[in-house]
Amino acid sequence: MRAVFVEEFGGREKLRVGEVPEPRLLPDGVRISIRAAGLNPVDWKTREGRQEQRLPHVFPLVLGWDAAGVVEEVGPAVTRVQPGDEVWAYCRKHFVGEGTYCEQVVVPQEFVAAKPASLGWEEAAAVPLAALTAWQCLTEKLELAEGETVLVHAAAGGVGHFAAQLAVALGAAAIGTASARNEEFVRGLGAEFLDYERGGLPEHVDAALDTVGGDSLEATKRIADRVVSIVQPGEGHLYHYVRPDGIQLEGIMRLVDEGRLRPHVQGRFPLEQAAAAHELLEDGHVRGKLVLTI
């Protein structure tokens, strides 16, 4: 099958487009024919080898953890989906190598959920990892309650723009930090806008989602009752590493189809332009998400 892969860790110049073996179908596996794959900042960090201490890596290593597509084949133990279903999934396995920058992926059925009917392939592929991250941080780690206020850093980014919308859907108030050029975008998510380039934070918030780390995280811990970070473990705050969850994706699907959650896709790229997409990711100023079309 055609894929974007690396044969060794390194920069964007290590990305290759070519043929790799199809993933093997496991008894509880779902083979998805991918129509679009989401890109996330973790992808270029994986390319550079920064995930090597967390998970085993297998080369040639196909990058990517987000997929939207059609079920092509299921294993004999699968009961939740069937061939022909339109689905999406966060496809992180217990090793890195069989990713989603390709034509097919095989994942356990528990990772998979029906794609929202209101989204096209590219918009759907932008959702799973980032939206699950936001959902798990808000509901599990922060236990955000109706009427509370949550501070969302980098609210114009992938995780941030979902977190702001999900906070509103949960009945909370969101304050989103972003650059001045993203003020209108952040307000359109239902959040109060805070220009991070001018510095300063609210005097107090009930909870905060950190996507930045460093000094910003330390300052946030001084004004928030509860803080979760997705970039930096440490003392005095919670840390979260997102996990695949098809049941939660079903809940997110309903929010999307109800019009309460929408992905923003800044750019769409064919497989051959994966390096250009990674360049934008590394720059760190993507509004919403980027996707690959398969």
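Of note:
- Pairs meeting the criteria (first residue in the stretch 66-80 and without any contact (Cβ under 8 Å) to a residue 40 or more places away in the chain, second residue among the small types (Gly, Ala, Ser) and assigned to a loop (DSSP other than H, G, I, E, B), beta carbons under 8 Å, at least 6 apart or on different chains) are VAL70/GLY84.
- If you filter the stretch 210-225 down to residues that are among the charged types (D, E, K, R) and surrounded by fewer than 19 Cβ atoms within 10 Å (Cβ to Cβ), you find that the one that is farthest from the chain's Cα centre (by Cα) is ARG222.
- Flag for GLU203 being under 14 Å from HIS285 (Cα atoms) and free of Cβ contacts under 8 Å to residues at least 24 places away in the same chain: no
- Residue that is farthest from the chain's Cα centre (by Cα) [pool: residues in the stretch 63-77 that are part of a loop (DSSP other than H, G, I, E, B) and crowded, with 22+ Cβ neighbours inside 10 Å]: LEU63
- Per the listing ARG35, ARG50, the residue uniquely part of a strand (DSSP E or B), open to solvent by 70 Å² or more (accessible area, probe 1.4 Å) and closer than 19 Å to LEU129 by Cα is ARG35.
- Search result, residues across the stretch 145-190 that are surrounded by fewer than 20 Cβ atoms within 10 Å (Cβ to Cβ) and part of a strand (DSSP E or B): THR149, ALA173
- Number of the condition not met by ASP195 [criteria: (1) open to solvent by 40 Å² or more (accessible area, probe 1.4 Å); (2) over 27 Å from GLY246 (Cβ atoms); (3) among the acidic types (Asp, Glu)]: (1)
The values are calculated or read from the model by the stated rules, or taken from the named source; none is laboratory data. Bear in mind the structure is a predicted one, so any value in this text is a computation, not a measurement. Using ideal geometry, Cβ is built from the backbone for each residue, glycine included, and neighbour counts are taken over all protein chains shown. Calculation scope for accessible area: heavy atoms of the full protein, side chains included, ligands and nucleic acids excluded. Shrake-Rupley method; radii C 1.70, N 1.55, O 1.52, S 1.80 Å.
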